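Data block below; observations after.
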Amino acid sequence: YFLRFHPVVKMAQSLLNSMPQATTGTVVVTDHLNFWDGKRVKPTQETNSEPVFEPATGRVLCQMVPCGAEEVDEAIKSAHAAYLKWSKMAGMERARVMLEAARIIRERKEKIAKLEVINNGKTITEALVDIDIAWQCIEYYAGLAGTLAGQHIQLPGGAFAYTRREPLGVCVGIGAWNYPFQIASWKSAPALACGNAMVFKPSPMTPVTAVILAEIYKEAGVPDGLFCVVQGGAETGTLLCHHPMVAKVSFTGSVPTGKKIMEMSSKGVKQVTLELGGKSPLIIFKDCELQNAVKGALMANFLTQGQVCCNGTRVYVQREIMPQFLEEVVKRTKAITLGDPLLDGTRMGALISKPQLEKVLGFVSQAKKEGARVLCGGEPFSPSDPKLKGGYFMSPCVLDNCNDDMTCVKEEIFGPVMSVMPFDTEEEVIKRANNTTFGLASGVFTRDISRAHRVAENLEAGTCFINNYNISPVEVPFGGYKMSGFGRENGQVTIEYYSQLKTVVVEMGDVESLF
(Lines give C-alpha, C1' and ligand atoms only; values in the text may rest on other atoms or scores of the structure.)
Protein backbone atom coordinates (compact mmCIF):
# COMPACT_ATOMS: atom_id res chain seq x y z
CA TYR A 1 0.00 0.00 0.00
CA PHE A 2 2.62 2.49 1.13
CA LEU A 3 4.79 2.36 -1.96
CA ARG A 4 1.90 2.19 -4.38
CA PHE A 5 0.43 5.44 -3.09
CA HIS A 6 3.69 7.12 -2.15
CA PRO A 7 6.16 6.52 -4.99
CA VAL A 8 7.74 9.91 -4.22
CA VAL A 9 8.77 8.79 -0.74
CA LYS A 10 10.68 5.88 -2.18
CA MET A 11 12.56 8.15 -4.56
CA ALA A 12 13.36 10.72 -1.89
CA GLN A 13 14.97 8.00 0.11
CA SER A 14 16.98 6.40 -2.70
CA LEU A 15 19.56 9.20 -3.05
CA LEU A 16 19.53 9.95 0.68
CA ASN A 17 19.85 6.25 1.54
CA SER A 18 23.07 6.02 -0.47
CA MET A 19 24.56 8.82 1.69
CA PRO A 20 25.92 6.82 4.65
CA GLN A 21 28.30 4.97 2.28
CA ALA A 22 29.03 8.03 0.13
CA THR A 23 32.51 9.57 0.12
CA THR A 24 33.93 12.62 -1.62
CA GLY A 25 34.32 12.06 -5.34
CA THR A 26 31.92 9.10 -5.67
CA VAL A 27 28.40 10.53 -5.94
CA VAL A 28 26.55 11.12 -9.20
CA VAL A 29 23.04 12.60 -9.07
CA THR A 30 20.71 11.45 -11.85
CA ASP A 31 17.30 12.19 -10.27
CA HIS A 32 15.18 14.97 -11.75
CA LEU A 33 15.71 18.19 -9.81
CA ASN A 34 12.38 19.94 -10.51
CA PHE A 35 9.41 19.34 -8.23
CA TRP A 36 5.74 20.29 -8.55
CA ASP A 37 2.34 18.61 -8.31
CA GLY A 38 3.84 16.59 -5.44
CA LYS A 39 6.53 14.82 -7.48
CA ARG A 40 9.86 15.20 -9.24
CA VAL A 41 9.36 16.40 -12.81
CA LYS A 42 11.47 15.51 -15.85
CA PRO A 43 12.71 18.59 -17.74
CA THR A 44 10.79 19.11 -21.01
CA GLN A 45 14.01 19.46 -23.00
CA GLU A 46 17.57 18.82 -21.94
CA THR A 47 19.47 20.62 -24.68
CA ASN A 48 20.56 23.57 -22.53
CA SER A 49 21.74 21.68 -19.44
CA GLU A 50 24.58 23.09 -17.35
CA PRO A 51 27.08 21.01 -15.38
CA VAL A 52 26.99 21.20 -11.58
CA PHE A 53 30.33 20.56 -9.91
CA GLU A 54 31.44 18.95 -6.69
CA PRO A 55 33.65 21.74 -5.24
CA ALA A 56 36.02 19.40 -3.36
CA THR A 57 37.03 17.50 -6.51
CA GLY A 58 36.04 19.69 -9.47
CA ARG A 59 34.13 16.67 -10.79
CA VAL A 60 30.70 16.95 -12.45
CA LEU A 61 28.05 15.97 -9.89
CA CYS A 62 24.98 16.31 -12.11
CA GLN A 63 23.35 18.32 -14.90
CA MET A 64 21.06 21.24 -14.10
CA VAL A 65 18.40 21.92 -16.75
CA PRO A 66 16.87 25.41 -16.45
CA CYS A 67 13.08 25.68 -16.47
CA GLY A 68 11.48 27.59 -19.33
CA ALA A 69 8.28 29.64 -19.35
CA GLU A 70 5.92 26.66 -19.64
CA GLU A 71 7.53 24.79 -16.76
CA VAL A 72 7.56 27.89 -14.52
CA ASP A 73 3.89 28.40 -15.36
CA GLU A 74 3.08 24.76 -14.49
CA ALA A 75 4.89 25.02 -11.15
CA ILE A 76 3.16 28.29 -10.21
CA LYS A 77 -0.28 26.92 -11.15
CA SER A 78 0.44 23.80 -9.09
CA ALA A 79 1.44 26.03 -6.15
CA HIS A 80 -1.69 28.14 -6.53
CA ALA A 81 -3.98 25.12 -6.44
CA ALA A 82 -2.25 23.94 -3.23
CA TYR A 83 -2.50 27.44 -1.74
CA LEU A 84 -6.30 27.41 -2.15
CA LYS A 85 -6.46 24.29 0.06
CA TRP A 86 -3.68 25.14 2.54
CA SER A 87 -4.89 28.71 3.22
CA LYS A 88 -8.29 27.41 4.30
CA MET A 89 -6.78 25.18 6.99
CA ALA A 90 -6.54 26.38 10.59
CA GLY A 91 -3.12 27.48 11.83
CA MET A 92 -2.99 24.50 14.18
CA GLU A 93 -3.61 22.11 11.27
CA ARG A 94 -0.79 23.67 9.29
CA ALA A 95 1.42 23.52 12.39
CA ARG A 96 0.97 19.76 12.71
CA VAL A 97 2.18 19.15 9.15
CA MET A 98 5.14 21.49 9.61
CA LEU A 99 6.17 19.80 12.85
CA GLU A 100 6.14 16.48 11.02
CA ALA A 101 8.40 17.95 8.30
CA ALA A 102 10.79 19.21 11.01
CA ARG A 103 10.81 15.76 12.59
CA ILE A 104 11.66 14.03 9.29
CA ILE A 105 14.54 16.48 8.67
CA ARG A 106 15.87 15.82 12.16
CA GLU A 107 15.70 12.07 11.54
CA ARG A 108 17.63 12.34 8.23
CA LYS A 109 19.94 15.13 9.31
CA GLU A 110 23.21 13.26 8.68
CA LYS A 111 22.19 12.17 5.17
CA ILE A 112 20.93 15.61 4.13
CA ALA A 113 24.07 17.26 5.53
CA LYS A 114 26.28 14.88 3.56
CA LEU A 115 24.50 15.64 0.30
CA GLU A 116 24.78 19.36 1.08
CA VAL A 117 28.55 19.02 1.56
CA ILE A 118 28.98 17.13 -1.71
CA ASN A 119 27.15 19.89 -3.61
CA ASN A 120 28.44 22.91 -1.68
CA GLY A 121 31.98 22.11 -0.46
CA LYS A 122 31.62 23.27 3.17
CA THR A 123 32.65 20.96 6.02
CA ILE A 124 30.30 18.29 7.34
CA THR A 125 30.66 19.82 10.83
CA GLU A 126 29.11 23.07 9.55
CA ALA A 127 26.52 21.40 7.31
CA LEU A 128 25.13 19.44 10.27
CA VAL A 129 24.55 22.74 12.10
CA ASP A 130 22.87 24.20 8.99
CA ILE A 131 20.41 21.31 8.82
CA ASP A 132 19.70 21.68 12.55
CA ILE A 133 18.93 25.36 12.04
CA ALA A 134 16.66 24.41 9.11
CA TRP A 135 14.41 22.09 11.15
CA GLN A 136 14.48 24.50 14.09
CA CYS A 137 13.21 27.25 11.79
CA ILE A 138 10.32 25.07 10.54
CA GLU A 139 9.52 24.07 14.12
CA TYR A 140 9.61 27.72 15.25
CA TYR A 141 7.13 28.88 12.58
CA ALA A 142 4.94 25.83 13.18
CA GLY A 143 4.67 27.16 16.74
CA LEU A 144 3.61 30.59 15.44
CA ALA A 145 1.07 29.27 12.90
CA GLY A 146 -1.63 28.77 15.52
CA THR A 147 -1.07 32.22 17.04
CA LEU A 148 -1.87 34.25 13.89
CA ALA A 149 -4.81 36.43 14.75
CA GLY A 150 -6.45 39.79 14.15
CA GLN A 151 -7.89 42.45 16.45
CA HIS A 152 -11.36 43.55 17.40
CA ILE A 153 -11.92 47.34 17.53
CA GLN A 154 -15.02 48.86 19.12
CA LEU A 155 -16.47 51.83 17.14
CA PRO A 156 -19.10 54.44 18.15
CA GLY A 157 -22.80 53.53 18.19
CA GLY A 158 -22.29 49.78 18.62
CA ALA A 159 -20.44 49.42 15.31
CA PHE A 160 -17.16 47.53 15.33
CA ALA A 161 -14.29 46.45 13.11
CA TYR A 162 -11.93 43.53 13.11
CA THR A 163 -8.76 42.67 11.24
CA ARG A 164 -7.82 39.38 9.61
CA ARG A 165 -4.23 38.34 8.97
CA GLU A 166 -4.39 36.66 5.57
CA PRO A 167 -1.78 34.97 3.39
CA LEU A 168 -0.39 36.63 0.25
CA GLY A 169 -0.76 33.70 -2.15
CA VAL A 170 2.06 32.15 -4.15
CA CYS A 171 5.45 33.40 -2.91
CA VAL A 172 8.68 32.94 -4.81
CA GLY A 173 11.90 32.13 -2.97
CA ILE A 174 15.23 32.55 -4.75
CA GLY A 175 18.12 30.96 -2.89
CA ALA A 176 21.89 31.32 -2.73
CA TRP A 177 24.58 28.64 -2.98
CA ASN A 178 26.22 29.15 0.42
CA TYR A 179 23.37 27.70 2.55
CA PRO A 180 21.18 25.82 0.04
CA PHE A 181 18.96 23.74 2.36
CA GLN A 182 18.89 26.27 5.19
CA ILE A 183 17.79 29.18 2.97
CA ALA A 184 15.03 27.03 1.43
CA SER A 185 13.80 26.38 4.99
CA TRP A 186 14.19 30.00 6.15
CA LYS A 187 12.01 31.17 3.27
CA SER A 188 9.43 28.38 3.16
CA ALA A 189 8.76 28.05 6.91
CA PRO A 190 7.26 31.51 7.54
CA ALA A 191 5.55 31.44 4.12
CA LEU A 192 3.82 28.13 4.85
CA ALA A 193 2.99 29.05 8.45
CA CYS A 194 1.03 32.06 7.16
CA GLY A 195 -0.90 29.93 4.67
CA ASN A 196 1.05 30.70 1.49
CA ALA A 197 2.49 28.36 -1.12
CA MET A 198 6.08 28.72 -2.34
CA VAL A 199 7.90 28.16 -5.62
CA PHE A 200 11.60 27.98 -4.80
CA LYS A 201 14.49 28.41 -7.22
CA PRO A 202 17.83 27.30 -5.80
CA SER A 203 21.13 28.64 -7.10
CA PRO A 204 22.12 26.89 -10.35
CA MET A 205 25.32 25.85 -8.57
CA THR A 206 23.53 24.03 -5.73
CA PRO A 207 20.35 22.47 -7.17
CA VAL A 208 20.40 19.18 -5.27
CA THR A 209 19.07 19.63 -1.71
CA ALA A 210 16.06 21.97 -2.13
CA VAL A 211 14.18 19.17 -3.88
CA ILE A 212 14.86 16.93 -0.84
CA LEU A 213 13.03 19.55 1.25
CA ALA A 214 10.13 19.48 -1.24
CA GLU A 215 9.89 15.70 -0.85
CA ILE A 216 9.95 15.99 2.93
CA TYR A 217 7.11 18.54 2.96
CA LYS A 218 5.14 16.20 0.68
CA GLU A 219 5.81 13.26 2.98
CA ALA A 220 4.76 15.35 6.00
CA GLY A 221 1.37 15.89 4.37
CA VAL A 222 1.22 19.28 2.64
CA PRO A 223 -1.15 19.50 -0.37
CA ASP A 224 0.59 18.59 -3.66
CA GLY A 225 2.25 21.70 -5.10
CA LEU A 226 2.57 23.65 -1.85
CA PHE A 227 6.37 23.78 -2.07
CA CYS A 228 7.64 23.53 -5.65
CA VAL A 229 11.21 23.62 -6.92
CA VAL A 230 12.17 25.03 -10.32
CA GLN A 231 15.79 24.96 -11.46
CA GLY A 232 17.58 27.64 -13.43
CA GLY A 233 19.59 30.83 -13.42
CA ALA A 234 18.77 34.45 -14.26
CA GLU A 235 16.30 33.67 -17.06
CA THR A 236 14.20 31.38 -14.86
CA GLY A 237 14.37 33.97 -12.07
CA THR A 238 13.08 36.62 -14.46
CA LEU A 239 10.13 34.41 -15.45
CA LEU A 240 9.27 33.96 -11.76
CA CYS A 241 9.46 37.70 -10.97
CA HIS A 242 7.26 38.62 -13.94
CA HIS A 243 4.61 35.94 -13.45
CA PRO A 244 1.17 37.49 -12.72
CA MET A 245 0.17 34.78 -10.21
CA VAL A 246 3.15 35.49 -7.94
CA ALA A 247 2.39 37.71 -4.90
CA LYS A 248 5.84 38.10 -3.39
CA VAL A 249 9.52 37.48 -4.11
CA SER A 250 12.08 36.75 -1.39
CA PHE A 251 15.65 36.81 -2.68
CA THR A 252 19.02 36.03 -1.10
CA GLY A 253 22.08 37.00 -3.15
CA SER A 254 24.14 39.90 -4.44
CA VAL A 255 23.24 43.61 -4.50
CA PRO A 256 23.22 43.95 -8.34
CA THR A 257 20.88 40.94 -8.72
CA GLY A 258 18.75 42.25 -5.83
CA LYS A 259 18.25 45.54 -7.65
CA LYS A 260 17.11 43.67 -10.78
CA ILE A 261 14.70 41.51 -8.74
CA MET A 262 13.23 44.65 -7.17
CA GLU A 263 12.87 46.32 -10.56
CA MET A 264 11.21 43.29 -12.18
CA SER A 265 8.88 42.72 -9.22
CA SER A 266 7.82 46.37 -9.35
CA LYS A 267 6.21 45.78 -12.76
CA GLY A 268 3.55 43.67 -11.03
CA VAL A 269 3.72 45.62 -7.71
CA LYS A 270 4.88 42.48 -5.91
CA GLN A 271 6.20 42.58 -2.36
CA VAL A 272 9.91 41.93 -2.08
CA THR A 273 12.29 40.80 0.67
CA LEU A 274 15.97 41.23 -0.18
CA GLU A 275 18.82 39.64 1.78
CA LEU A 276 21.89 41.02 0.03
CA GLY A 277 25.63 41.26 0.58
CA GLY A 278 27.68 42.85 3.29
CA LYS A 279 31.09 44.16 4.28
CA SER A 280 30.51 44.08 7.97
CA PRO A 281 32.76 45.71 10.59
CA LEU A 282 34.04 43.85 13.65
CA ILE A 283 35.38 46.27 16.27
CA ILE A 284 37.79 44.99 18.90
CA PHE A 285 38.55 47.29 21.84
CA LYS A 286 41.68 46.99 23.97
CA ASP A 287 39.62 46.04 27.05
CA CYS A 288 38.23 42.91 25.33
CA GLU A 289 38.85 39.32 26.39
CA LEU A 290 41.54 38.82 23.71
CA GLN A 291 41.13 35.06 23.22
CA ASN A 292 37.39 35.49 22.69
CA ALA A 293 37.98 38.36 20.27
CA VAL A 294 40.37 36.22 18.23
CA LYS A 295 37.89 33.34 18.15
CA GLY A 296 35.16 35.83 17.21
CA ALA A 297 37.23 37.17 14.32
CA LEU A 298 37.85 33.63 13.03
CA MET A 299 34.13 32.81 13.22
CA ALA A 300 33.37 36.14 11.54
CA ASN A 301 35.58 35.36 8.55
CA PHE A 302 36.15 31.68 7.90
CA LEU A 303 32.83 29.83 8.19
CA THR A 304 31.79 28.22 4.87
CA GLN A 305 35.21 29.19 3.43
CA GLY A 306 34.37 32.85 4.04
CA GLN A 307 31.36 32.69 1.72
CA VAL A 308 28.88 34.22 4.17
CA CYS A 309 27.02 37.48 3.52
CA CYS A 310 27.10 38.72 7.14
CA ASN A 311 30.83 38.04 7.65
CA GLY A 312 32.78 40.61 9.67
CA THR A 313 35.49 41.04 7.07
CA ARG A 314 36.64 44.51 8.19
CA VAL A 315 38.33 43.85 11.52
CA TYR A 316 39.14 47.06 13.41
CA VAL A 317 41.53 46.47 16.32
CA GLN A 318 42.48 49.14 18.87
CA ARG A 319 46.11 50.05 18.24
CA GLU A 320 47.48 49.03 21.66
CA ILE A 321 46.50 45.37 21.24
CA MET A 322 47.10 45.09 17.49
CA PRO A 323 50.42 43.13 17.76
CA GLN A 324 49.02 40.54 20.22
CA PHE A 325 45.82 40.21 18.21
CA LEU A 326 47.64 39.66 14.90
CA GLU A 327 50.06 37.16 16.40
CA GLU A 328 47.24 35.08 17.85
CA VAL A 329 44.87 35.30 14.87
CA VAL A 330 47.62 34.34 12.39
CA LYS A 331 48.70 31.41 14.56
CA ARG A 332 45.13 30.09 14.68
CA THR A 333 44.45 30.75 10.99
CA LYS A 334 47.55 28.78 10.00
CA ALA A 335 46.27 25.88 12.14
CA ILE A 336 42.95 25.57 10.26
CA THR A 337 42.74 22.08 8.71
CA LEU A 338 41.89 22.21 5.00
CA GLY A 339 40.86 19.15 3.04
CA ASP A 340 38.11 16.63 2.44
CA PRO A 341 34.94 18.34 3.68
CA LEU A 342 33.29 15.01 4.58
CA LEU A 343 35.96 14.21 7.19
CA ASP A 344 35.08 15.20 10.76
CA GLY A 345 38.52 16.72 11.38
CA THR A 346 38.35 19.13 8.44
CA ARG A 347 37.72 22.76 9.41
CA MET A 348 37.66 24.37 5.95
CA GLY A 349 36.40 22.88 2.69
CA ALA A 350 36.41 24.06 -0.91
CA LEU A 351 35.06 27.27 -2.41
CA ILE A 352 31.94 26.88 -4.54
CA SER A 353 33.50 27.12 -8.01
CA LYS A 354 36.66 27.73 -10.01
CA PRO A 355 35.58 31.26 -11.03
CA GLN A 356 34.83 32.10 -7.37
CA LEU A 357 38.25 30.77 -6.29
CA GLU A 358 39.96 32.82 -9.00
CA LYS A 359 37.98 35.91 -8.04
CA VAL A 360 38.97 35.61 -4.36
CA LEU A 361 42.64 35.00 -5.23
CA GLY A 362 42.36 38.06 -7.50
CA PHE A 363 41.27 40.16 -4.52
CA VAL A 364 44.34 38.99 -2.59
CA SER A 365 46.77 39.93 -5.37
CA GLN A 366 44.98 43.29 -5.81
CA ALA A 367 45.38 43.88 -2.06
CA LYS A 368 49.13 43.23 -2.35
CA LYS A 369 49.36 45.70 -5.26
CA GLU A 370 47.60 48.32 -3.15
CA GLY A 371 50.10 47.83 -0.31
CA ALA A 372 48.43 45.33 2.00
CA ARG A 373 50.66 42.72 3.64
CA VAL A 374 49.68 39.05 3.54
CA LEU A 375 50.41 37.60 6.97
CA CYS A 376 49.31 34.09 6.02
CA GLY A 377 47.44 32.15 3.33
CA GLY A 378 45.77 33.65 0.30
CA GLU A 379 47.12 31.00 -2.05
CA PRO A 380 45.63 28.06 -3.96
CA PHE A 381 45.83 24.97 -1.78
CA SER A 382 46.41 21.47 -3.03
CA PRO A 383 45.38 18.79 -0.50
CA SER A 384 47.57 15.68 -0.27
CA ASP A 385 44.63 13.39 -1.16
CA PRO A 386 44.91 12.83 -4.95
CA LYS A 387 41.12 12.84 -5.50
CA LEU A 388 40.98 16.45 -4.21
CA LYS A 389 43.59 17.74 -6.69
CA GLY A 390 40.92 19.35 -8.90
CA GLY A 391 39.08 20.90 -5.92
CA TYR A 392 38.63 24.64 -5.37
CA PHE A 393 40.71 25.09 -2.22
CA MET A 394 42.63 28.10 -0.93
CA SER A 395 44.45 28.78 2.33
CA PRO A 396 42.64 31.22 4.66
CA CYS A 397 44.20 34.66 4.51
CA VAL A 398 44.88 37.47 6.98
CA LEU A 399 45.75 40.90 5.55
CA ASP A 400 47.55 43.58 7.55
CA ASN A 401 48.64 47.10 6.60
CA CYS A 402 45.18 47.76 5.11
CA ASN A 403 43.38 51.08 4.95
CA ASP A 404 39.74 52.03 4.35
CA ASP A 405 40.30 52.97 0.69
CA MET A 406 41.63 49.58 -0.43
CA THR A 407 39.51 47.35 -2.66
CA CYS A 408 39.83 44.47 -0.17
CA VAL A 409 38.28 46.68 2.53
CA LYS A 410 35.52 48.23 0.41
CA GLU A 411 34.24 45.32 -1.70
CA GLU A 412 32.65 42.06 -0.64
CA ILE A 413 35.21 39.33 -1.37
CA PHE A 414 33.11 36.29 -0.37
CA GLY A 415 36.07 34.11 0.46
CA PRO A 416 38.40 33.38 3.39
CA VAL A 417 40.09 36.79 3.53
CA MET A 418 40.25 38.91 6.71
CA SER A 419 41.39 42.54 6.54
CA VAL A 420 42.74 43.92 9.82
CA MET A 421 43.09 47.65 10.52
CA PRO A 422 44.10 49.66 13.60
CA PHE A 423 41.98 52.38 15.21
CA ASP A 424 42.46 54.78 18.12
CA THR A 425 39.13 56.09 19.40
CA GLU A 426 35.55 54.86 19.63
CA GLU A 427 34.22 57.89 17.79
CA GLU A 428 36.66 57.41 14.92
CA VAL A 429 36.00 53.68 14.52
CA ILE A 430 32.20 54.07 14.44
CA LYS A 431 32.52 56.63 11.68
CA ARG A 432 34.81 54.32 9.69
CA ALA A 433 32.63 51.27 10.36
CA ASN A 434 29.54 53.06 8.99
CA ASN A 435 31.34 54.45 5.93
CA THR A 436 29.98 51.78 3.57
CA THR A 437 26.95 51.24 1.36
CA PHE A 438 26.34 47.89 3.11
CA GLY A 439 24.67 47.33 6.47
CA LEU A 440 24.01 43.67 7.12
CA ALA A 441 25.87 42.91 10.34
CA SER A 442 28.47 44.27 12.76
CA GLY A 443 30.23 43.21 15.91
CA VAL A 444 31.96 44.63 18.95
CA PHE A 445 34.25 43.02 21.54
CA THR A 446 34.64 44.92 24.82
CA ARG A 447 34.19 44.32 28.56
CA ASP A 448 32.71 47.82 29.02
CA ILE A 449 28.96 47.30 29.14
CA SER A 450 28.08 50.94 28.37
CA ARG A 451 30.41 51.06 25.42
CA ALA A 452 29.05 47.78 24.03
CA HIS A 453 25.47 49.06 23.92
CA ARG A 454 26.51 52.56 22.78
CA VAL A 455 28.46 51.12 19.84
CA ALA A 456 25.61 48.72 18.99
CA GLU A 457 23.22 51.68 18.89
CA ASN A 458 25.46 53.70 16.59
CA LEU A 459 26.37 51.01 14.06
CA GLU A 460 24.21 51.16 10.92
CA ALA A 461 23.47 47.46 10.46
CA GLY A 462 20.62 44.99 10.82
CA THR A 463 22.47 42.93 13.43
CA CYS A 464 25.13 43.77 15.97
CA PHE A 465 26.90 40.98 17.81
CA ILE A 466 28.36 41.84 21.22
CA ASN A 467 31.27 39.61 22.31
CA ASN A 468 30.47 36.96 19.72
CA TYR A 469 29.88 36.76 15.97
CA ASN A 470 27.87 34.87 13.35
CA ILE A 471 25.34 33.18 15.59
CA SER A 472 21.90 33.14 13.98
CA PRO A 473 19.16 31.73 16.22
CA VAL A 474 15.84 31.29 14.41
CA GLU A 475 14.07 33.29 17.14
CA VAL A 476 15.73 36.57 16.16
CA PRO A 477 15.19 38.63 13.00
CA PHE A 478 17.96 38.74 10.39
CA GLY A 479 18.20 41.34 7.63
CA GLY A 480 19.91 44.39 6.26
CA TYR A 481 20.14 48.13 6.53
CA LYS A 482 21.10 50.32 3.54
CA MET A 483 22.08 48.37 0.41
CA SER A 484 22.19 45.07 2.28
CA GLY A 485 18.44 44.88 1.70
CA PHE A 486 15.15 45.09 3.56
CA GLY A 487 12.54 42.80 5.03
CA ARG A 488 13.52 40.25 7.63
CA GLU A 489 13.97 36.51 7.96
CA ASN A 490 13.45 34.57 11.21
CA GLY A 491 11.84 35.90 14.37
CA GLN A 492 8.17 36.82 14.89
CA VAL A 493 8.35 39.92 12.69
CA THR A 494 8.80 37.84 9.52
CA ILE A 495 5.12 36.83 9.77
CA GLU A 496 4.37 40.40 8.69
CA TYR A 497 6.40 39.94 5.51
CA TYR A 498 4.43 36.83 4.47
CA SER A 499 0.90 38.01 5.28
CA GLN A 500 -1.40 40.96 4.76
CA LEU A 501 -4.02 42.63 6.94
CA LYS A 502 -7.65 42.95 5.94
CA THR A 503 -9.91 45.36 7.83
CA VAL A 504 -13.57 44.42 8.16
CA VAL A 505 -15.93 47.21 9.28
CA VAL A 506 -19.37 46.24 10.63
CA GLU A 507 -22.26 48.72 11.02
CA MET A 508 -24.91 47.62 13.51
CA GLY A 509 -27.30 50.57 13.00
CA ASP A 510 -28.59 52.63 10.11
CA VAL A 511 -26.41 54.23 7.44
CA GLU A 512 -25.89 57.95 7.95
CA SER A 513 -25.85 59.34 4.44
CA LEU A 514 -24.96 62.79 3.19
CA PHE A 515 -27.11 62.17 0.14
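Can you tell me which residues in the stretch 300-340 are within 17 Å of the chain's Cα centre (by Cα) and either surrounded by fewer than 24 Cβ atoms within 10 Å (Cβ to Cβ) or closer than 21 Å to Val364 by Cβ (or both)? Across the stretch 300-340, the qualifying residues are Ala300, Asn301, Phe302, Leu303, Thr304, Gln305, Gly306, Gln307, Val308, Cys309, Asn311, Gly312.
Take the conditions touching a Leu at 6+ places or on another chain (Cβ under 8 Å), of a type outside the set (A, V, I, L, M, F, W, C) and part of a helix (DSSP H, G or I) and apply them to Glu328. Does it pass? Criteria met by Glu328.
Condition first: in contact with a Phe, Trp or Tyr (Cβ under 8 Å, 6 or more places away or on another chain) and over 18 Å from Leu213 (Cβ atoms). Can you find one or more residues in the stretch 77-92 that meet it? No, that holds for no residue. Evaluated against (1) open to solvent by 30 Å² or more (accessible area, probe 1.4 Å); (2) touching an Asp or Glu at 6+ places or on another chain (Cβ under 7 Å), Leu343 falls short on exactly one condition, (2).
For the stretch 41-57, a residue qualifies if it is in a loop (DSSP other than H, G, I, E, B) and surrounded by fewer than 18 Cβ atoms within 10 Å (Cβ to Cβ), and the qualifying residues are Lys42, Thr44, Gln45, Glu46, Thr47, Asn48, Ser49. Is it true that some residue in the stretch 365-383 is touching a Gly at 6+ places or on another chain (Cβ under 7 Å), surrounded by 15 or more Cβ atoms within 10 Å (Cβ to Cβ) and on the phi > 0 side of the Ramachandran plot? Checked the stretch 365-383: no residue is touching a Gly at 6+ places or on another chain (Cβ under 7 Å), surrounded by 15 or more Cβ atoms within 10 Å (Cβ to Cβ) and on the phi > 0 side of the Ramachandran plot. Within the stretch 99-130, being part of a loop (DSSP other than H, G, I, E, B) and open to solvent by 10 Å² or more (accessible area, probe 1.4 Å) holds for one residue alone: Arg108.
For the stretch 236-292, the candidate set comprises residues that are over 26 Å from Asn468 (Cβ atoms) and part of a strand (DSSP E or B); within that set, the residue that is most open to solvent (accessible area, probe 1.4 Å) is Gln271. For the stretch 61-98, a residue qualifies if it is open to solvent by less than 60 Å² (accessible area, probe 1.4 Å), closer than 19 Å to Gly146 by Cα, assigned to a helix (DSSP H, G or I) and out of contact with any helix residue (DSSP H, G or I) (no Cβ under 8 Å at 6 or more places or on another chain), and exactly one does: Tyr83. Pairs meeting the criteria (first residue in the stretch 43-60 and at pLDDT 95 or above, second residue aromatic (Phe, Trp, Tyr) and part of a loop (DSSP other than H, G, I, E, B), beta carbons under 7 Å, at least 6 apart or on different chains) are Pro55/Tyr392; Gly58/Tyr392. If only residues of the stretch 151-189 that are closer than 30 Å to Glu512 by Cα and polar (S, T, N, Q) are counted, the one that is surrounded by the most Cβ atoms within 10 Å (Cβ to Cβ) is Thr163.
Restricting attention to the stretch 186-230, which residues are in a helix (DSSP H, G or I) and of a type in the set (D, E, K, R)? Passing the criteria: Lys187, Glu215, Lys218, Glu219. Within the stretch 190-233, being open to solvent by 10 Å² or more (accessible area, probe 1.4 Å) and over 18 Å from the mean Cα position of the chain (by Cα) holds for Lys218, Glu219, Ala220, Gly221, Val222, Pro223, Asp224.
Considering the stretch 334-356, and only residues there that are outside any loop (DSSP other than H, G, I, E, B) and of a type in the set (A, V, I, L, M), the residue that is farthest from Gln307 (Cα to Cα) turns out to be Leu338.
Figure legend. Inter-residue proximity from the stretch 114-130: first residues under 17 Å from Gln21 (Cα atoms), second residues in a helix (DSSP H, G or I) and open to solvent by 10 Å² or more (accessible area, probe 1.4 Å), beta-carbon distance below 6 Å, spacing 6+ or different chains. Indicated pairs: Val117/Ile124.
Listed by first and then second residue, the pairs with beta-carbon distance under 6 Å, at least 6 apart or on different chains, first residue in the stretch 349-364 and modelled with pLDDT of 95 or more, second of a type in the set (Ser, Thr, Tyr), are Gly349/Thr123; Ala350/Tyr392; Leu351/Tyr392; Lys354/Tyr392; Leu357/Tyr392.
Given the residues Lys482, Lys502, which is the only one that is of a type in the set (D, E, K, R) and under 30 Å from Ser365 (Cα atoms)?
Just a single option satisfies the conditions, and that option is Lys482.
Within the group Lys431, Lys482, Lys502, which residue is touching a strand residue (DSSP E or B) at 6+ places or on another chain (Cβ under 7 Å), among the basic types (Lys, Arg) and open to solvent by 20 Å² or more (accessible area, probe 1.4 Å)?
Lys502
The values are calculated or read from the model by the stated rules, or taken from the named source; none is laboratory data. Bear in mind that the values here come from a model prediction, so they are computed numbers and not experimental data. FYI the Cβ positions are ideal-geometry reconstructions off the backbone, even for glycines, and counts take in every protein chain you see. Ligands, DNA and RNA are excluded from the accessible area calculation, which covers all protein heavy atoms including side chains. Shrake-Rupley method; radii C 1.70, N 1.55, O 1.52, S 1.80 Å.
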